[in-house]
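The values are calculated or read from the model by the stated rules, or taken from the named source; none is laboratory data. Just so it is clear, the structure is predicted and the values come from calculations on it, not from any experiment. Reconstructed Cβ throughout: ideal geometry from the backbone, glycine too, with neighbour counts over all protein chains shown. Just the protein is used for accessible areas: all its heavy atoms, side chains included, with ligands, DNA and RNA removed. Shrake-Rupley method; radii C 1.70, N 1.55, O 1.52, S 1.80 Å.
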2 protein chains.
Amino acid sequence: MKIVCSKSELNAGLNIVSKAVPSKTTMSILECILIDCTGGNIKLIANDMEFGIETVIPGTILEKGVVAYDANILVNLIKSLPDNDVTIETDADFNTSIICEKINFNKILSRSGDEFSYLPKVDMSNPVVLSKLTLKDVVRQTIFSISDNEANKMMGGELFEINGDNLRVVSLDGHRISIRIIKMKNAYNSMKVIIPGKTLNEISKIISGDDSDDVEIYFDKNHALFKFDDTTVVTRLIEGDYFKIDQMLSNEYETKMIVNKKELLSCISRATLLIKEGDKKPVIINIKDGIVNLSINSVAGSMNESIDITKEGKDLMIGFNPKFLIDALRVIDDENISIYLVNAKAPCFIRDDDNSYTYLVLPVNFTSAG
Amino acid sequence: MKIVCSKSELNAGLNIVSKAVPSKTTMSILECILIDCTGGNIKLIANDMEFGIETVIPGTILEKGVVAYDANILVNLIKSLPDNDVTIETDADFNTSIICEKINFNKILSRSGDEFSYLPKVDMSNPVVLSKLTLKDVVRQTIFSISDNEANKMMGGELFEINGDNLRVVSLDGHRISIRIIKMKNAYNSMKVIIPGKTLNEISKIISGDDSDDVEIYFDKNHALFKFDDTTVVTRLIEGDYFKIDQMLSNEYETKMIVNKKELLSCISRATLLIKEGDKKPVIINIKDGIVNLSINSVAGSMNESIDITKEGKDLMIGFNPKFLIDALRVIDDENISIYLVNAKAPCFIRDDDNSYTYLVLPVNFTSAG
């Protein structure tokens, strides 16, 4: 195989596919990036078996072929080169040379691509279309409440639920639920799939936050395929029925407070300074007319702080794991937010008026914990 | 004790003194920052027993006193506050409250300052004066070749040697020597001291790179005191006579090459991509008329690259630990550098014409290592 590409295009392509190279694996072929130019274009491929990425880069093919390279070495070598044409040549014995200007790398680790797993085929007839910005945003706004609990794989994924032109994205971890609802440009048949959180995380690192550019998503029984620019990402789906979340949601409330998001977030963040990691001290929220008082007690000291609010309904005192509130508040862009509560043992709902987001957080029992 | 300071001044002062709070210690008093306002000003002090820092911040003393606070908690709490006046109050039972706007921290960890070690007294009659920029630069340009070898404490320090208006700063680790010579504004009595590298590292983090502002340095038998702005740093000196480096230096050479520093640095950096950490593969430098060829061989592959040079004297092939060359090249600001060599077993010298810097690097035997 012999190809010539610009350093910058090659570097960009390698950065994309390297997201699917596992950091720890016992199968050395998974640590490789495959360059396949048997089909007339230059394809870079990596596959960690849960998801794989393929991208096509421009360049000249002087001799067709397919070769697997140690991902780490290839990525670092190419990154180090000056911005000029790079020639990669691998002979029949898998001796590879990489040449750029007066720089010669020789005998670079490479091997046959025979053992390499290509991306699974997915039927590409009916794409769901989202803007890159929308996909990136919705992942950022929900991904923090997945769980890496090995005993419950489903919590490690996000529900993508389509009904007409509505996309609902849900994640939960047993203590909280994050829900975002997006209006899409087109309507589709109803469908529910669970996409692994890891795949979504890596995809949102690769795609730009561009609102005018789209991602096409194709689904079949076991896989989802994301297509954007010259890149294809294929992931396994998580099997099974997702949690029945609708029965956990409720519009009833006894107390509603409207509060400045930034003030509330700074205050809770400050309170956490007194807690060491792993220490489960709750922040206690005391809602009264026109004012909310937040306090925390720990061995390192105590804090209390008041914030002006608009209140509706009953007074209420309730405790929360401060981290769960912080995670939700960080991804809400509204200046003022509404929090709905029932009593000290029922979950709170942070929700906007048109239900574009709902964050449910379970309270903690602060009489025993404090 | 009760004081009122602006958050920003308090925060800046805490950031300075916290550099002398050890990250690991079995003596809990060392994890504290002392606030001492018995003398009519507000002093913040930290002391890790090898070196200590004291800084004075503006503010109002409402009640005199001296209290030790857990450094980590105090620094983080103050950092989290809005930019406004902060009141710190500690009662006779060491109950501390910190108040800023509507924020109340209470019962913050604090204790008596009785066990706290103040900074040692140093005679402050004859300062050596350097600009902040000069001190910061000379530390950066030499500190990388100290050694943390516990068996030889002297290698963990830097020699500061004064002769008239000349300051020579030296560090060495058994494989290389870094020397910088600085012309000072004033002349002083001859003197040699060994300052711990850790202290120099922390001082250069605190001082700004300001050329118009000075640092005064005072020495006595066992300590050095650095004074700048409202801050004082006192460090122990390392006892003993420093290595006799003059007998290791030589102006004789058989080969001299003049090379573009940036090209040489990029080339050697690229070569190191093929070596795993701990792998002692040398970069082999082959100097000929008008050209130097650099090559490296490892299990991951090999590299070779040529750079145009100006050569004087004999051809030479010599091997080096690439890291040692990289460290020296990084801190040299000249566009072109001169490297002087004798043979494949003698050290090379990277040196400018007026001897303001000399970097000696020992070669490695590449026939056996390669």
Note to self: Testing B:Asp211 on (1) open to solvent by less than 50 Å² (accessible area, probe 1.4 Å); (2) in contact with a helix residue (DSSP H, G or I) (Cβ under 8 Å, 6 or more places away or on another chain), one condition comes back false. Which one is that?
What the structure shows: (1)
Check: Do the conditions hold for A:Lys79, that is, is it within 12 Å of chain B (Cβ to nearest Cβ), surrounded by fewer than 16 Cβ atoms within 10 Å (Cβ to Cβ) and either at pLDDT 95 or above or in contact with a strand residue (DSSP E or B) (Cβ under 9 Å, 6 or more places away or on another chain) (or both)?
Finding: yes
Check: Within the bounds of segment B:296-309, is there any residue that is in contact with a Phe, Trp or Tyr (Cβ under 9 Å, 6 or more places away or on another chain) and under 28 Å from B:Gln247 (Cβ atoms)?
Finding: no
Check: Within segment B:82-103, restricting attention to residues that are of a type in the set (A, V, I, L, M, F, W, C) and under 15 Å from A:Ser269 (Cβ atoms), which residue is farthest from the other protein chains (Cβ to nearest Cβ)?
Finding: B:Cys100
Checklist line | Options B:Tyr242, B:Tyr218; residue that is surrounded by 12 or more Cβ atoms within 10 Å (Cβ to Cβ) and not in a strand (DSSP E or B) | finding: B:Tyr242
Note to self: When you check A:Val259 against the structure, is it closer than 21 Å to A:Leu159 by Cα and either β-branched (Val, Ile, Thr) or more than 20 Å from the chain's Cα centre (by Cα) (or both), yes or no?
What the structure shows: no
Checklist line | Sole exception among (1) in a strand (DSSP E or B); (2) at pLDDT below 95; (3) small (Gly, Ala, Ser) for B:Ala46, by number | finding: (2)
Note to self: Going by what's in this entry, would B:Lys262 be described as closer than 26 Å to B:Leu172 by Cα, within 14 Å of chain A (Cβ to nearest Cβ) and either modelled with pLDDT under 95 or not in a loop (DSSP other than H, G, I, E, B) (or both)?
What the structure shows: yes
Checklist line | Verdict on A:Ile3 being crowded, with 21+ Cβ neighbours inside 10 Å and either assigned to a strand (DSSP E or B) or in contact with a Pro (Cβ under 8 Å, 6 or more places away or on another chain) (or both) | finding: yes
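Consider A:Ala224 carefully, then state whether it is more than 17 Å from A:Tyr357 (Cα to Cα), crowded, with 20+ Cβ neighbours inside 10 Å and either charged (D, E, K, R) or modelled with pLDDT of 95 or more (or both). Talk me through it step by step, then tell me what you get.
Values: more than 17 Å from A:Tyr357 (Cα to Cα): yes; crowded, with 20+ Cβ neighbours inside 10 Å: yes; either charged (D, E, K, R) or modelled with pLDDT of 95 or more (or both): yes.
So A:Ala224 fits the description; yes.
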Margin query: If I go through segment B:182-199 residue by residue, how many of them are open to solvent by 50 Å² or more (accessible area, probe 1.4 Å) and under 13 Å from the mean Cα position of the chain (by Cα)?
Written below: 1
Notebook entry, point to check: What are the residue pairs meeting all of these: first residue in segment A:122-135, first residue more than 14 Å from A:Arg180 (Cα to Cα), second residue aromatic (Phe, Trp, Tyr) and surrounded by 12 or more Cβ atoms within 10 Å (Cβ to Cβ), Cβ atoms under 6 Å, and 6 or more apart or on different chains?
Noted result: A:Val122/A:Tyr218; A:Met124/A:Tyr218; A:Pro127/A:Tyr218; A:Val128/A:Tyr188
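Could you list, in sequence order, all residues of segment B:56-76 that are within 14 Å of another protein chain (Cβ to nearest Cβ), free of Cβ contacts under 8 Å to residues at least 60 places away in the same chain and surrounded by 17 or more Cβ atoms within 10 Å (Cβ to Cβ)?
First, the residues of segment B:56-76 that are within 14 Å of another protein chain (Cβ to nearest Cβ): B:67, B:69-76.
Then keep just the ones that are free of Cβ contacts under 8 Å to residues at least 60 places away in the same chain; that gives B:69-73, B:76.
Correct list: B:Tyr69, B:Asp70, B:Ala71, B:Asn72, B:Ile73.
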Next item on the list: For A:Ile307, work out the one condition from (1) free of Cβ contacts under 8 Å to residues at least 24 places away in the same chain; (2) surrounded by 15 or more Cβ atoms within 10 Å (Cβ to Cβ) it doesn't fulfil.
Entry: (1)
Margin query: With the structure loaded, tell me whether A:Arg351 is open to solvent by 40 Å² or more (accessible area, probe 1.4 Å) and within 24 Å of the chain's Cα centre (by Cα) or whether it fails that test.
Written below: no
Next item on the list: Can you confirm whether segment A:319-341 contains a residue that is surrounded by fewer than 21 Cβ atoms within 10 Å (Cβ to Cβ), small (Gly, Ala, Ser) and at pLDDT 95 or above?
Entry: yes
Note to self: Restricting to segment B:22-55, give me the number of residues that are open to solvent by 50 Å² or more (accessible area, probe 1.4 Å) and in contact (Cβ under 8 Å) with a residue 40 or more places away in the chain.
What the structure shows: 3
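Of the residues A:Ile162, A:Ile179, A:Ile98, which is of a type outside the set (Lys, Arg), closer than 24 Å to A:Ile45 by Cβ and open to solvent by less than 10 Å² (accessible area, probe 1.4 Å)? Steps first, please.
Numbers: A:Ile162 fails: closer than 24 Å to A:Ile45 by Cβ; A:Ile179 fails: closer than 24 Å to A:Ile45 by Cβ.
When all the criteria are applied, what remains is A:Ile98.
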Check: Across segment A:301-351, which residue is nearest to the other protein chains (Cβ to nearest Cβ) among those that are of a type in the set (A, V, I, L, M) and in a helix (DSSP H, G or I)?
Finding: A:Ile326
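I'd like the full set of residues that are in a loop (DSSP other than H, G, I, E, B) and either among the hydroxyl-bearing types (Ser, Thr, Tyr) or surrounded by fewer than 17 Cβ atoms within 10 Å (Cβ to Cβ) (or both), limited to segment B:138-159.
The initial filter retains those residues of segment B:138-159 that are in a loop (DSSP other than H, G, I, E, B), namely B:141-142, B:146-152.
Once the filter is applied, which keeps residues that are in a loop (DSSP other than H, G, I, E, B) and either among the hydroxyl-bearing types (Ser, Thr, Tyr) or surrounded by fewer than 17 Cβ atoms within 10 Å (Cβ to Cβ) (or both), segment B:138-159 yields B:Thr142, B:Ser147, B:Asp148, B:Asn149, B:Glu150, B:Ala151, B:Asn152.
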Item checked: Single residue of segment A:104-133 satisfying the filter (within 14 Å of chain B (Cβ to nearest Cβ) and open to solvent by 50 Å² or more (accessible area, probe 1.4 Å)) that is nearest to A:Val66 (Cα to Cα) -> A:Arg111
Next item on the list: Could you check A:Thr272 against (1) closer than 29 Å to B:Ile88 by Cβ; (2) touching a residue at least 60 places away in the same chain (Cβ under 8 Å) and say which number it fails?
Entry: (2)
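Sort out which residues of segment B:267-300 are in a strand (DSSP E or B) and either facing chain A (nearest Cβ under 10 Å) or surrounded by 21 or more Cβ atoms within 10 Å (Cβ to Cβ) (or both), and write them in order of number. Step through it out loud before you land on a result.
Kept after step one, since they are in a strand (DSSP E or B), are these residues of segment B:267-300: B:283-288, B:291-298.
Across segment B:267-300, the qualifying residues are B:Val283, B:Ile284, B:Ile285, B:Ile287, B:Ile291, B:Val292, B:Asn293, B:Leu294, B:Ser295, B:Ile296, B:Asn297, B:Ser298.
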Note to self: With the structure loaded, tell me whether B:Ser269 is closer than 24 Å to A:Asp83 by Cα, within 34 Å of the chain's Cα centre (by Cα) and of a type in the set (Ser, Thr, Tyr) or whether it fails that test.
What the structure shows: yes
